[in-house]
1. If you go through the stretch 407-423 one residue at a time, how many are free of Cβ contacts under 8 Å to residues at least 12 places away in the same chain and small (Gly, Ala, Ser)?
2. Please work out if Leu178 is modelled with pLDDT under 80, within 27 Å of Met316 (Cα to Cα), in the same structural domain as Phe221 (by TED's automatic domain parsing) and surrounded by fewer than 22 Cβ atoms within 10 Å (Cβ to Cβ).
3. Take Thr236 and tell me if it is part of a helix (DSSP H, G or I), surrounded by 17 or more Cβ atoms within 10 Å (Cβ to Cβ), of a type outside the set (A, V, I, L, M, F, W, C) and at pLDDT 90 or above.
4. Does the stretch 366-400 hold any residues that are in a helix (DSSP H, G or I), more than 11 Å from Met436 (Cβ to Cβ) and either without any contact (Cβ under 8 Å) to a residue 40 or more places away in the chain or not hydrophobic (A, V, I, L, M, F, W, C) (or both), and which are they?
5. Can you give me the number of residues within the stretch 210-257 that are among the polar types (S, T, N, Q) and more than 20 Å from the chain's Cα centre (by Cα)?
6. Residues Arg217, Arg290, Arg305: which one is at pLDDT 85 or above, among the basic types (Lys, Arg) and part of a helix (DSSP H, G or I)?
7. For the structure I just gave you, tell me whether Ala323 is surrounded by 17 or more Cβ atoms within 10 Å (Cβ to Cβ), under 26 Å from the mean Cα position of the chain (by Cα), among the aliphatic types (A, V, I, L, M) and closer than 29 Å to Leu166 by Cβ.
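The values are calculated or read from the model by the stated rules, or taken from the named source; none is laboratory data. Quick caveat: nothing in here was measured; it's all calculated off a predicted structure. Here the Cβ positions follow ideal geometry from the backbone for every residue, glycine too, while neighbour counts run over all protein chains shown.
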Amino acid sequence: MSQLEAAAITTSTPRAAGSARVPAGPETPEARAGNALSMRRPADQHGPLDEVVERVRRDACDAVDALQVAALLEAEGVTDQVAKTQYGFGDVFGMADAVYRRLGGLHLAVRLTSRAHGGRRQAWRDAAHGVLYLLPSAVFPAVLAFVERPSVNAGLVVAGGAGWLLAGVASWFAYQLLGLGDGRSAARVLLWFTAAGLVAAALLGAGVAAATHGSGRVIAFAVGAMAYQMSSMLLTFYRLEAWLAATMAPGAATGLGYALAGQPSLRLALTAGAVSVSVTLVLAVLCVVRSLRSASAAKQTHPLRTLLGGRVTVFMLVVVYTALSAVYLLHSQVPYLLDRFDILVTAVPLMLGMGVVEWRARRFTELARELLRRVHYPREFIRRIWLLLVANVVACTGVAALAATALLVVLDRLAMLSMAAATMAAGYAVLAGAYMVTFVLAGHGRYGSLSAALAAAVAVHLVGSAIVRVGSAALTDTTVFLVSAVVLQVLLFLAMIPVANQVWRHA
C-alpha cells in the first residue's frame, strides 16, 4: 500500500496549470508519459533534497518501499539529526519517504505508456467476492437456533468484530511484506495471526459465555466465526477464491435447507457448516504453508518491529479504521438478529454488491492512471477525475439499490415489508457508494481521514438513535442509520479533495 509521490506543482492557479502544457509535437506514448510526469514534478529541481535523490538514484531506483531507501540513507551517513537540521524532516524515515516518492514519481512515468488493468478475469474475481461474503449468512439461521439467545448477539459482536480486526491487520502486514519482496515473512505473519485469532476467539467466547450464562456452544460459534474470517482472508490473499466457494458451498446449501425445512434438518445444517468451515481453514493453512516453503528467500527478512519502524502511527490508524468499520456495520445489524428478519435481510444486497464495489474501486485507480496519459493540464485531470469518482459512486449505489428493490418486492409479496426495512435498505445502498470511496482512500493510505469519518458516522448513529424519535424504535434507528450513511459519504468526499486534486497521487 505504499504511495508513490512526487513533489507536486500547485494545481489551483492558472499559472501552475499552464506549466503542465505538453510541448508541440506528435502525441506519442512517450510524449504522453512525459506530460504525466510534468504534472508531478516541481518547478524547482535544485533543492538539497534533489541532491540526495541524485546521489542515491542508482541504488534506490528499484526500491519497492521507503524502508529500503531509509537503509540507503543511513548507509550514506544520514541520521535523524541530519535529516532534521539539514533537510527539515522529523527523522530519517520521513526523509526516506520523501526521497522514495520523488524517485517513484520519476521512474513510474515510463510505466504509464502501457495500459494497466486487471482484465475481465480480475473484474469477475472482484465481483464474485460479494457471493463469498454472503456464504456464511446461509448458515446463520441454524446458528441462531443452536446458540442460546442471550449469548448469540454478544458472540456475534465479539467474534465478528475481533475476526474483522485481526484479518484486516494481518492482511495489511502481509501486503507490506509482500511489497518488500519478502513472501516468506508475509506467510509467517498470516500463520501467526490465524493461530492467535483462533485462540483469542476461544477466550472471548468463554468470556461471553460466562457473562451471559451461556454454554460451550457460544465458544464453538466464536471459534467457527473466527475460523471463517481468517481462512477467507488467507485464500483471498493468495487469489484462491474459487476454492473458498467450493469448500463453503455444502455448508451454505444445507443452511438454506434448514431455513426452508426447519427443525428436522438442524443437526445436518450444523454438521455440514462445521465441516465446511473446518475444511476451508485446513485448506487455507496448507496454502500458506506451501507458499512459505516455495517462496524464494528474500535478501533481507523484515521482522514486524522493523517493519513498524517509522510507521507506528500508520499502523495504529489502520487498527482504528478497521475496528470502526466493524463497529459501524455490526452495530446496525445486531439489534435485529432475533426478531426482525425483514430488517436484517436488507444487508444481503449490500453484501452481494461489495464485489462490484471492490471492482469499481480497483478500476477507478486504473482509469485514473490511464487518464494521466490523455490530459494536457492538471485542471483538466482534476475535473475528469471527480466526474469519474462520482460516476463510480453512483454505479455502486445503483447496483445495491437495484438489488434492494428486488428484495423489497419479495418482502412485500410475503407481507413482510415495513417502512423500517425500506429505510435500512436505502441506508445500505448509500453505504455501498461510501465503501467505494473508502477503498480508494485506503489505497492512498488516508487512514486518519477514514477513521475520523467512520467515528463521526458511528457517533451520529448512536447519538441520533438516543435523542430522535421517528415513529417506532426500529424506524427511528433505521432512519438515523440512513442519515449516518449520508454523513459518512459526505465526509469521505471531503477527504477525497486532497487526493483527487493532487495529480501526482494517481501515478
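1. Total satisfying the criteria: 1.
2. Values: modelled with pLDDT under 80: yes; within 27 Å of Met316 (Cα to Cα): yes; in the same structural domain as Phe221 (by TED's automatic domain parsing): yes; surrounded by fewer than 22 Cβ atoms within 10 Å (Cβ to Cβ): yes.
Yes.
3. When the stated conditions are applied, Thr236 does not pass them.
4. Initially, the stretch 366-400 is screened for residues in a helix (DSSP H, G or I), giving 366-372, 378-400.
Remaining after also requiring more than 11 Å from Met436 (Cβ to Cβ): 366-372, 378-388, 398.
Residues satisfying the conditions are Glu366, Leu367, Arg369, Glu370, Pro378, Arg379, Glu380, Arg383, Arg384, Leu387, Leu388, Gly398.
5. Filtering the stretch 210-257 for residues among the polar types (S, T, N, Q) gives 212, 215, 229, 231-232, 236, 247, 254.
Going one step further and asking which of them are more than 20 Å from the chain's Cα centre (by Cα), we end up with 212, 215, 247, 254.
The qualifying residues number 4.
6. Numbers: Arg217 fails: at pLDDT 85 or above; Arg305 fails: at pLDDT 85 or above.
Every option except Arg290 fails the conditions.
7. Details: surrounded by 17 or more Cβ atoms within 10 Å (Cβ to Cβ): yes; under 26 Å from the mean Cα position of the chain (by Cα): yes; among the aliphatic types (A, V, I, L, M): yes; closer than 29 Å to Leu166 by Cβ: yes.
When the stated conditions are applied, Ala323 passes them.
Yes or no, residue by residue, for (1) under 24 Å from Phe381 (Cα atoms); (2) at pLDDT 90 or above; (3) not acidic (Asp, Glu):
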residue	(1), (2), (3)
Thr423	no, yes, yes
Tyr435	yes, yes, yes
His444	yes, no, yes
Val460	no, yes, yes
Leu494	yes, yes, yes
Pro498	yes, no, yes
